[in-house]
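*Asks:* Mind looking over this structure? Questions follow.
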Amino acid sequence: MLRELRDRLAILGDKYISELINEPTYEKFVGLSTAFSREVGFLTRDLEDKVKPCVRHADAYYVKKRVLVFLTHRDETEALINCLRIVGYEPRIFEPSNEGVRVVIDKGNMS
């Protein structure tokens, strides 16, 4: 089962990364993130139904490593937090890094 999931993630990951590389915009990233989460089964219909009232406060949402992620603007943060609490979640807030893109090469895995 894990091998099957790994293979599915690899295939779909390649597909979605290629789409993002072809159009590297924020809008494309958020759309693809949600679509990928749905297609691999991380973002279920039950979960989407539960957070549906809160979606209006966000640009996008997706699931990564069993964590539900919402992307929103600062002026919508408080409304999103309140809505998520009403539907039964206790959100944690993280802001994007101002560092920019960083490439990490793990030389231990290089042949």
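Read-outs: derived from the displayed coordinates by stated rules, not from any lab. The shown structure was predicted, so the numbers you read here are calculated from the model rather than taken from an experiment. Glycine also receives a Cβ, built like all others from the backbone with ideal geometry; neighbour counts cover every protein chain displayed.
*Asks:* Give me, ordered by chain and number, the residues 5 or more places off Leu43 or on other chains with an amide H under 5 Å from its own placed amide H.
*Replies:* Under 5 Å from the amide H of Leu43: Arg38.
*Asks:* Counting only other residues whose beta carbon sits under 13 Å from that of Leu20, what net charge do I get with K and R as +1, D and E as -1?
*Replies:* Details: positive: Lys15, Lys28; negative: Asp14, Glu19, Glu23, Glu27.
It works out to a net charge of -2.
*Asks:* Run the quick spin-label model on Tyr26 and Arg74: label points 7 Å from Cα toward the beta carbon, then report their separation in nm to one decimal.
*Replies:* Taking the two extended label points, one gets 1.3 nm.
*Asks:* Tell me which label goes with the value of percent of Cα pairs over 20 Å apart computed from the coordinates here: [x] 74; [y] 52; [z] 45.
*Replies:* This structure yields the entry labelled [y].
*Asks:* If R₀ is 22 angstrom, what is the calculated FRET efficiency for the pair Glu4 and Ala35, using the beta carbon separation as r and rounding to 0.05?
*Replies:* 0.60
*Asks:* State the number of lysine pairs found in the stretch 2-109 whose Cα atoms come within less than 21 Å, restricting to pairs 8 or more positions apart or on distinct chains.
*Replies:* 10
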